[in-house]
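A quick write-up on the structure given underneath.
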Amino acid sequence: MHGLLLHAPHDVRHATDLPDPRVEAPGDAVVAVAASGLCGSDLHPYEGREPFRPDVVPGHEAVGVVVEVGDAVRGFGPGDRVLVPFTTSCGTCGPCRRGLSARCVHGALFGWGDPDDLTVPALHGGQAQHLRVPHADGTLVAVPDGRDDLDAVLLADNLPTGWTAVERLGDVRGATVAVQGLGSVGLCAVWSALRLGADRVVGIDPVAARRQRAERLGAVTAAPEAGPELVTEATGEGVAGVVEAAGVTAAQAAAVRLVRPGGVVSLISVQTEEAFGFSPITLYDRNLTVVSGRAPVRSALDRLLAHLDGVALPTDVVITHPDVPLADGAATYATFAAREAGLVKAVFRP
């Protein structure tokens, strides 16, 4: 099997001699990957901002076809076309029953191995030809009819993550909200906010090309330095809520300045800093609510797919590089890490 390995910070390698995944437990499935996404959170270990176990196949957004299942798998079989959410989930534990599949007590993150406990096997990710999926019945989702591979990659993480970030703001119908950081998740949040009834979405990002993509979705946009003035002109008192999808402390500090008293800040990016970019007294003095945490994508899909039946997704706006060979993985990671304007989201093809 061939695929990518994250060997060291800034060192992704294309390997052609990887072991083929196999069924290791009765609840496992093996999926032949048709497409896998490169996500902004893949950059945290790549850039050295998050510790990781070397030589694990990265990637946690995949779509493909089931080729093998364990004896206990009941919901899927060979030939089924499936999307793979970014964490495994059993579907029956307490967090799963409460709709918090991302914190399943049996769950694991694809493309990850604990660097501090080598006794726990790593769960290789989807940036390879094949992928082993534990807890297949609770994890896998059938690709809806009419959805192509790119739609399915977006549904495996970024779209339900952006949707969840907006849901955490509360009822946005008729409101003005802001989205900071117009990468893949931020663009999905812009789209989601308008689908959920927001009257106006202000998109903020330093990269003009990304702001233009948000405008294609219906947002008004500004660079970070112009964001406060645009928000003041639009609302007079600040937005009802802010989705913070940039994941940096400066953006968090800006978010609490953009939101009106009593508003909500939804932190959806993976957090790698020791502290947020705002103080407790700021939250207290402005009566703000802050909501954070990994989006429970598998749980969100249960309600989201019905809502999106027949609805065109923002795939062509979000995915800028839809057909990247795995052999070009190292160069693509480097381009993505450089925040080059033309690359918002890449999809690898085995």
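Every number here is computed from the coordinates shown, using simple stated rules; none is lab data. Small disclaimer: the values here were computed from a predicted structure and weren't measured. Every residue, glycine among them, receives a Cβ derived from its backbone with ideal geometry; neighbour counts consider all protein chains shown.
With a/c under 1.5 counting as rounded, go ahead and sort the range 160-292 into rounded, prolate or oblate using the C-alpha gyration tensor (a ≥ b ≥ c being the square roots of the eigenvalues; past the cut-off, prolate if a/b is larger than b/c, else oblate).
rounded
Please give the calculated 222 nm ellipticity per residue for the chain, where each DSSP H segment of at least 4 residues contributes -39500 (n - 2.57) and the sum is spread over every residue; nearest 500 deg cm²/dmol?
-7500 deg cm²/dmol
Compare the Cα positions of ALA255, ALA226, TRP163 along the charge dipole of the range 160-292 (+1 at Cβ of Lys, Arg; -1 at Cβ of Asp, Glu; about the Cα centre) and return the one farthest towards the positive end.
TRP163
Which value, in debye to the nearest 20, gives the size of the charge dipole of the range 160-292 about its Cα centre, when Lys and Arg are +1 and Asp and Glu are -1 at the Cβ?
Charge dipole of the range 160-292: 360 debye, to the nearest 20.
Below 8 Å between Cα atoms, with a sequence gap of 6+, how large is the relative contact order for the chain in percent?
Details: 853 pairs, mean separation 64.0, N = 350.
So the answer I get is 18 percent.
Compute the Rg/Rh shape ratio of the range 92-136: radius of gyration over Kirkwood radius, all on alpha-carbon atoms.
Rounded to two decimals, Rg over Rh is 1.02.
List the equivalent ellipsoid semi-axes of the range 3-44 in whole Å, largest first, each obtained as the square root of 5λ for an eigenvalue λ of the Cα gyration tensor.
24, 14, 11
With axes computed from alpha carbons, what is the tilt in degrees of helix 184-195 against the longest principal axis of the chain, rounded to the nearest 10 within 0 to 90?
It works out to around 60 degrees.
Magnitude of the Cβ-charge dipole of the chain, K/R +1 and D/E -1, about the Cα centre, nearest 20 debye?
I would put it at about 760 debye.
Using the eigenvalues of the Cα gyration tensor, what equivalent ellipsoid semi-axes result for the chain when each is taken as the square root of five times the eigenvalue, whole Å, largest first? Each step should come with its number before you reach the end.
Numbers: eigenvalues 224, 88, 75 Å².
Working from the Cα gyration tensor, I get semi-axes of 33, 21, 19 Å.
Return a whole-number percent for the relative contact order of the range 102-233, with Cα pairs under 8 Å and 6 or more residues apart as the contact set.
14 percent
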